[in-house]
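Report on the following structure.
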Amino acid sequence: MDYASTLKKYINVLVHEGASDLHMSAGVHPTVRVSGALAPMLKEPILTPTDTDGFVKELLSADAYKRFKTEQEVDFAFEGEGVRFRGNAFVQKGSAAIALRLIPKKIRTIQELNLPDILLSFSRKSQGFFIVVGPVGQGKTTTLASLIESINQERLEHIVTIEDPIEYVFEPKQSLIDQREVRIDTKDFPTALQSAFRQDIDVLLVGEMRGPETMSAAVTAAETGHLVFSTLHTNDASQTIDRIIDIFPSTQQDQIRLQLASSLAGIFSQRLVPRISGGLVPAYELLINNKAVANLIREKRTHEINTVIETGSTEGMIDMNRSLAELVSRGEISVESAYQYSLNPNVLNKLL
């Protein structure tokens, strides 16, 4: 098999079908994900272990391939056929497998993403910690890219991104943007974050918070006059706050709780829900940190935050169930989908 030309063919299929992901595993057909559903390329042959290893070699640099053979998994970025991918190569049943996520070259605006305009208020802050959360594949990176691009277009700022790997590539407009990739431009997230304090930055994007060192540095950066954006794989605002605090040893939790209460700007949780007419539409929750929320964080009462969100619409807060109910009322999503994506169906039931 000519892996270079075959990969081009697969990518062309992905683009033509409007797919978001491409999967290649031994024993099955190459598969794309369209509007959230997997679709095997049945006209293409079932891949062998030799095939998947050949594709991995085609996608990775020599150093990354060597690391893959040693560690049995590796994150990477790949550009081909005019499009960019975030990828992960891993081993399953003794053979290589690949997952590629399409990263659009055009960074869409908040309006184009069908997200609330109030998000732009966070990109216009001078300091604070803003976190976008949700499961894998729910558009967190795309939302953050849109906010960073809005800063890039509006303000003279020094923006530094720390990513693994670099996903969206920014073209400097009003802002100066430096993008750093873990293992290529810096050793790891903690090292890059410590260096960031000496780089005269205004805005910091941390691709993903991993471990207490990264979280502590991100919170400290927000506390010391920087605007910090990051992501976490959590379900909602209260769980996010608990996750951040719980990752620290018990002796440090009170300190991080105080820091988070004072530095947090907001938490945005999003889900991409199948549209009745096809495609996906976001449903979301927004927590805005105010005095009441800060007190709940300090007093270890994060379980009460959901109530604050439900009653805080006048301040701009958005409740996930209300967001889902509005999508149902507009005929965008089905009632079944709303219940599937709700974290509290009993509350949703009262809104429908």
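Hey, among Ser216, Ser230, which residue is polar (S, T, N, Q), over 21 Å from Ser121 (Cβ atoms) and buried (at least 18 other Cβ atoms within 10 Å of the Cβ)?
Ser216
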What number of residues within the range 124-147 are touching a residue at least 60 places away in the same chain (Cβ under 8 Å) and either in contact with a strand residue (DSSP E or B) (Cβ under 6 Å, 6 or more places away or on another chain) or polar (S, T, N, Q) (or both)? 16
Just wondering, is there one or more residues in the range 181-198 that are closer than 17 Å to Val132 by Cβ and among the small types (Gly, Ala, Ser)? no
Of all residues in the range 129-178, how many are of a type in the set (Asp, Glu) and surrounded by fewer than 20 Cβ atoms within 10 Å (Cβ to Cβ)? 4
Which fully enclosed helices (runs of 4 or more DSSP H) of the range 304-352 have 1 or more residues being of a type outside the set (Ser, Thr, Tyr) and touching an Asp or Glu at 6+ places or on another chain (Cβ under 8 Å)? 305-310, 320-329, 345-351
Report, ordered by the first and then the second residue, all pairs with beta carbons closer than 6 Å, sequence separation of six or more or different chains, a first member in the range 298-312 that is touching a residue at least 60 places away in the same chain (Cβ under 8 Å), and a second member that is assigned to a loop (DSSP other than H, G, I, E, B) and not aromatic (Phe, Trp, Tyr). Ile309/Met317; Ile309/Asp319
Does the range 27-35 contain any residue that is among the aliphatic types (A, V, I, L, M), in the same structural domain as Arg86 (by TED's automatic domain parsing), at pLDDT 95 or above and not in a strand (DSSP E or B)? yes
For the range 67-112, how many residues meet the condition of being in a loop (DSSP other than H, G, I, E, B) and surrounded by fewer than 16 Cβ atoms within 10 Å (Cβ to Cβ)? 12
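The values are calculated or read from the model by the stated rules, or taken from the named source; none is laboratory data. Because the structure is a prediction, the values reported are computed rather than measured. Ideal geometry is used to build each Cβ from the backbone, glycine not excepted, and the neighbour counts take in all protein chains shown.
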